[in-house]
Amino acid sequence: MLIDAHHHLWKYTTKEYGWIDGSMSVIQKDFLSAELEQVAAASGVDGFVTVQARQTIEETEDLLHIASGQSLIHGVVGWVPLAAPDVDEALDRFEGNPLLKGIRHVVQGEPDVRFIMGDDFNRGVSKLAARGLVYDVLIFAKQLPATIEFADRHPNLSLVLDHIAKPTINPDEFDETWATHLRDLAKRDHVTCKFSGVVTEIRAAEWSIETIRPYWDVALEAFGADRLMFGSDWPVCLLKTDHKRWLETVQTLASELSTDQRAAIFAGNAVRAYGLS
């Protein structure tokens with residue numbers, strides 16, 4: 001079985017996806033159920049976890065609606081206003097929907113590097129575990145120190161770190177600060193990590209598996225094969241690579257692991273972390 005634990009769907013408009021600028025023309029279009037089926041067929045994916053890309057309740061509802069009619073989607077990570085006083089009401093809207101597996105906020109886009117430690121935000125996050133929801137952590141590497149504090153504040157909440165915390169990948173200089181902080185975060189057993197969104201952090205026009213390998217080695221060492229999962233970040237990955245090339249890259253990196261370890265990274269860990277059926 002192959003589970004892609006991180007991808008997006010959208011009906012593109014410039015108003016709703018303002019973060020997609022003119023340099024990203026390859027993704028300035030719709031990516032919906034039909035396109036997902038094409039990717040699944042080309043790469044041999046059995047199931048996906050669909051993750052929010054804009055911060056609206058309406059998008060969460062739309063993704064859940066698509067998922068209800070698309071057997072390839074095994075779970076959705078949506079968005080609710082976690083820092084709002086009425087966060088309970090927002091969460092109540094999705095109570096009992098088995099496809100909603102987690103919640104995410106675009107913390108990487110917040111100007112305050114310590115936003116993730118805000119009191120109102122954490123009050124909302126504290127309500128997720130009782131509802132059986134995971135929290136996906138989307139940050140840049142510079143936000144890792146605050147995220148370590150955040151993980152300690154929520155020891156009973158399953159956290160999933162997206163995109164290995166987005167290190168700055170310069171082929172000529174390894175991000176040692178990121179590596180130090182990632183290893184520290186990984187000491188918290190309730191944190192799982194997605195090896196996804198890595199290729200778009202490369203600060204060079206071209207890349208090879210050797211550009212990626214040092215970051216794979218650190219993530220694997222830190223989290224082990226039992227807390228690392230594959231994700232594509234499709235269609236955002238199209239800025240640097242197609243889905244199949246990224247999948248084959250990670251498969252090659254994992255090729256020296258045991259059969260059971262590879263099964264965990266490419267399916268089992270996502271099933272466990274998100275409670276997929």
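Note: relative contact order over the chain, using C-alpha pairs below 8 Å and six or more positions apart, is 19 percent. For the pair ARG272 and ASN170, a Förster radius of 22 Å applied to the C-beta separation gives a FRET efficiency near 0.05, rounded to the nearest 0.05. Only Lys, Arg, Asp and Glu carry charge here, each on its Cβ (+1 for the first two, -1 for the last two); on that basis the chain has a dipole of about 220 debye about its Cα centre.
Only lysine pairs 8 or more places apart, or on different chains, with alpha-carbon atoms under 25 angstrom apart are counted in the chain, and they number 26. Given the options ALA254, LEU161, VAL80, identify the residue whose Cα lies farthest towards the positive end of the charge dipole of the range 3-274 (+1 on Cβ of Lys, Arg; -1 on Cβ of Asp, Glu). The one lying farthest along the dipole's positive direction is ALA254. Ordering 109-120, 138-149 by mean Cβ neighbour count within 10 Å, with the highest value first, yields 138-149, 109-120.
Counting charges near ASP226 (Lys, Arg +1; Asp, Glu -1) among other residues having Cβ under 11 Å from its Cβ returns a value of 0. Measuring r between the beta carbons of THR252 and LYS15 and using R0 = 41 Å, the FRET efficiency lands at 0.55.
As a ratio to 2.2 N^0.38 Å, the alpha-carbon radius of gyration computed for the chain takes the value 0.93. Does the range 8-73 come out rounded, prolate or oblate by the C-alpha gyration tensor, with a ≥ b ≥ c the root eigenvalues, rounded set by a/c under 1.5 and, if not, prolate when a/b is larger than b/c and oblate if not? Oblate is the answer for the range 8-73, as a/c is 1.5 or above yet b/c matches or exceeds a/b. Of all DSSP bridge pairs formed entirely within the chain, close to 5 percent run antiparallel.
Where a number appears in this text, it was derived from the coordinates with a stated rule and is not lab data. These numbers come from a predicted model, not from an experiment. Heads up, the Cβs are rebuilt from the backbone with ideal geometry, glycines too, and the neighbour counts pull from every protein chain shown.
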